[in-house]
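Structure first, then comments.
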Amino acid sequence: MYVCLCNGITESDVREAGRAGHVTPCALKAKFKLKENGCCGRCAKNIGELVEIATQASATSCPRATDR
Ligand code: FES
């Protein structure tokens, strides 16, 4: 599912960013260049949802981390 139509960013892209450590609003905005290049900024208004998706992906990126 697309989370940013202007830049063609998908939920999968956000999960990948989360696994790479981009889990804050600023980090996600910078990573995906939200509110730049004349984009509408609609997705930036919903940044909380993107943070939640990224954070969940980050938490599940290493399933064996809790085995220790
Ligand atoms: S929907 Fe993301 S900048 Fe327009």
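The values are calculated or read from the model by the stated rules, or taken from the named source; none is laboratory data. For clarity, every value in this text was computed on a predicted model and none was experimentally measured. All Cβ positions, even for glycine, are placed from backbone atoms using ideal geometry, and neighbour counts span all protein chains on display.
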Within the range 27-46, residues being more than 8 Å from the ligand (Cβ to nearest atom) and either under 16 Å from SER58 (Cα atoms) or among the basic types (Lys, Arg) (or both) number 6
Does at least one position in the range 8-20 carry a residue that is more than 10 Å from the chain's Cα centre (by Cα), surrounded by 17 or more Cβ atoms within 10 Å (Cβ to Cβ) and at pLDDT below 95? no
So which residues in the range 32-43 are surrounded by fewer than 20 Cβ atoms within 10 Å (Cβ to Cβ) and either at negative phi or touching an Asp or Glu at 6+ places or on another chain (Cβ under 8 Å) (or both), if there are any at all? GLU36, CYS39, CYS40, ARG42
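Give the range 21-30 a look and list any residue that's crowded, with 20+ Cβ neighbours inside 10 Å and part of a helix (DSSP H, G or I), or say none.
LEU28
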Restricting to the range 1-20, and then to whatever is outside any helix (DSSP H, G or I) and polar (S, T, N, Q), can you tell me which residue is farthest from the ligand (Cβ to nearest atom)? THR10
